[in-house]
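Beneath this line is the structure, given in structure tokens, with notes to follow.
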Amino acid sequence: MLVVRTVKGSSCVAITRQRGCCYTYKRVCARAGPSRRAYKYNAVKSESAAPELDRRDTDIRKLDVGITSGVQKALERKSSRSNTPNVKVLDCLPITSYTELLSSSGKARNPGGLNTVLESYSEQPADDRIPLHGGLPHPDAFPFSQLSVKLKSDATLTIDKVDLVSDAQQYATHLLGLPQLQEWTQEHVSLQHNPPAPFQVLISNGSNHAIEMVTDLLLERGDSILVEEYTYFYMVDSVLPVKGYHAVPLKMDNQGICPRNLRKVLEERAATGQLPRVLYTVPTGHNPTGIVTPLGRKREIYGLCQQYGITIIEDDAYYYLQYPSLQGAVPGLQQLVPSYLSIDTDSRVVRLDSWSKVLAPGLRLGWVTGHPDVVDLMALALHASLNGPPGISQALMIAVTQHWGANGFQEHCIHMQQVYQHRANVMHTAAAKALAHLAEWQRPQAGMFIWLKLSGVEDVDEVASELVQANVTVLPGKLAHCQGADAAYPCPHIRLSFANASEAQIAEGMQRLGNVLRKHEHLHLDELTVGPSDHH
């Protein structure tokens, strides 16, 4: 039986399909010392879970979790010994040993003295406990007795339950997030991604802070990290140089990371003893390129990471903003491109999700999904640095998810997908009209961006001053290069966002950009025509 460490009070449920049967992983507590608990994952055959799995994408439903020989052998071994035909227990799973992969910071992270003291009281009745240990303000001192918000649908959400209103204003005392929100998110992850291995969800303060936490747990200053050649600006500006990590660029095509290039990089690095241990990737609506990595490509990348022992940080902020075509039906939740988490048979994926793109960035909320050991350490890091995610935002999200009911999030995602599908189509159409023969780009399928390659331009610096004069703001692609805006990496790309500008501004912006590029093209032709005279 698999035994993993986790914090007290957390829960972990995963529904998987193995060899045609459905299994629900349920974690049960077993005492494991004064400051921590061990948890056993029982894989219980569950016919009631089948309808939930049947809603999943056909490709995922056919995914054979038993592809890993360790799982297959464990099932066969346990099945041959069991006297209970309706119950199968996995006595091992091929998981990554995160103890060996942790950085010195990750290994030093511990629950702290106060948590250790509280754990020693865990067997005592809570209703009879007299709390003289903490500096928590008394609820009577809080200013709010009720929270109320009005939605654009005119519905009013009122939060008036005393405990929830108090928790929203109190220091964060729930390590994984307020229970109602954490449990909703855990269930959503289980149904949406169907992770093949045990997992745990942590409510986070959004993806940026989660990136800092997980890299800090896994990497030392000076370590190398695999990243797409062009990557999220926050990684380039605030993580890689500040933390002292060395980016190893991976070439991309129109489906994301090129497996052949990744294999070549890993082989060369392994031969020199400089193999990176972590891959950071933005697989959906990639920032800045907008690329969506399909499931087949993800399987290739995942297989290489298995072969070389690489942990994958799946930063998927735009996952819910998918729209495979610029017109017609959108995927909702049922037809989204499956995630790395959904094929993670051995717990090497740490997945980062965010409410910023699909709801509101001002909430400063997201969630992290991964192996319970890693999530536990991230929870400790989160509380050490920010004292947990914002309570009032969590309370609002609890009210919103309760208002949504069973289908509300699906309906909300459909609406958001339609909004960005339309805006993407507006920019794509305007670009096709104004930039024909002046630039190349891929039709957007997710996210908020179009990635333009300017024709006849070696580096965007050539037209930078003209863009300023035209007063059209774009982001030079070189700023997103994982090794920084270095002159050694000339870049003809720019990133355009259709997220916030009005439709009229998008159309006018494309016209101004086209004018700048045409002027540059004419100047370049004039230089070629005039040239130096050839005197003999």
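The values are calculated or read from the model by the stated rules, or taken from the named source; none is laboratory data. Remember, it's a predicted structure, so these values are computed and weren't measured experimentally. Please note: Cβ atoms are built from the backbone with ideal geometry, for glycine as well, and neighbour counts cover all protein chains shown. Areas reflect the complete protein model, heavy atoms only, side chains present, ligands, DNA and RNA absent. Shrake-Rupley method; radii C 1.70, N 1.55, O 1.52, S 1.80 Å.
Which residues, counting only those in the range 276-287, are within 15 Å of the chain's Cα centre (by Cα) and either of a type in the set (Lys, Arg) or in a loop (DSSP other than H, G, I, E, B) (or both)?
Passing the criteria: Val282, Pro283, Thr284, Gly285, His286, Asn287.
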Next item on the list: Out of the residues in the range 442-484 that are without any contact (Cβ under 8 Å) to a residue 40 or more places away in the chain and among the aliphatic types (A, V, I, L, M), state the one that is farthest from His520 (Cα to Cα).
Entry: Val474
Checklist line | Residues satisfying the stated conditions in the range 294-336, i.e. open to solvent by 30 Å² or more (accessible area, probe 1.4 Å) and of a type in the set (Ser, Thr, Tyr) | finding: Tyr308, Ser325
Check: Given the conditions (1) open to solvent by less than 10 Å² (accessible area, probe 1.4 Å); (2) closer than 18 Å to Leu176 by Cα, which single one is not true for Arg364?
Finding: (1)
Margin query: For the range 395-417, which positions are open to solvent by 40 Å² or more (accessible area, probe 1.4 Å) and either small (Gly, Ala, Ser) or within 17 Å of the chain's Cα centre (by Cα) (or both)?
Written below: Gly405, Ala406
Checklist line | Residue list for the range 289-332, restricted to those being out of contact with any strand residue (DSSP E or B) (no Cβ under 6 Å at 6 or more places or on another chain), within 28 Å of Ala499 (Cα to Cα) and of a type in the set (A, V, I, L, M) | finding: Leu295, Leu326, Ala329, Val330
Next item on the list: Collect the residues in the range 342-380 that are in contact with a strand residue (DSSP E or B) (Cβ under 8 Å, 6 or more places away or on another chain), within 23 Å of Leu295 (Cβ to Cβ) and hydroxyl-bearing (Ser, Thr, Tyr), keeping them in residue-number order.
Entry: Ser347, Ser354, Thr369
Notebook entry, point to check: Does Val330 satisfy being in contact (Cβ under 8 Å) with a residue 40 or more places away in the chain, farther than 26 Å from Ile392 by Cβ, out of contact with any Lys or Arg (no Cβ under 8 Å at 6 or more places or on another chain) and among the β-branched types (Val, Ile, Thr)?
Noted result: yes
Next item on the list: Within the range 111-132, count every residue that is at pLDDT 85 or above and assigned to a loop (DSSP other than H, G, I, E, B).
Entry: 9
Margin query: Name the single residue that is most open to solvent (accessible area, probe 1.4 Å) among those in the range 110-143 being in contact with a Ser or Thr (Cβ under 9 Å, 6 or more places away or on another chain) and more than 27 Å from Asp373 (Cβ to Cβ).
Written below: Leu136
Checklist line | Filtered residues of the range 371-394 (kept if open to solvent by less than 20 Å² (accessible area, probe 1.4 Å) and at positive phi) | finding: Gly388
Margin query: Given (1) in contact with a strand residue (DSSP E or B) (Cβ under 6 Å, 6 or more places away or on another chain); (2) surrounded by 22 or more Cβ atoms within 10 Å (Cβ to Cβ), identify the lone condition not met by His193.
Written below: (1)
Next item on the list: Among what's in the range 216-259 and is among the charged types (D, E, K, R) and over 18 Å from Ile291 (Cα atoms), pick the residue that is surrounded by the most Cβ atoms within 10 Å (Cβ to Cβ).
Entry: Asp216
Notebook entry, point to check: Tally time: how many residues in the range 309-356 are over 20 Å from Pro196 (Cβ atoms) and either outside any loop (DSSP other than H, G, I, E, B) or at pLDDT below 95 (or both)?
Noted result: 8
Next item on the list: Look at Gln511 and say whether it is surrounded by fewer than 17 Cβ atoms within 10 Å (Cβ to Cβ) and under 24 Å from the mean Cα position of the chain (by Cα).
Entry: no
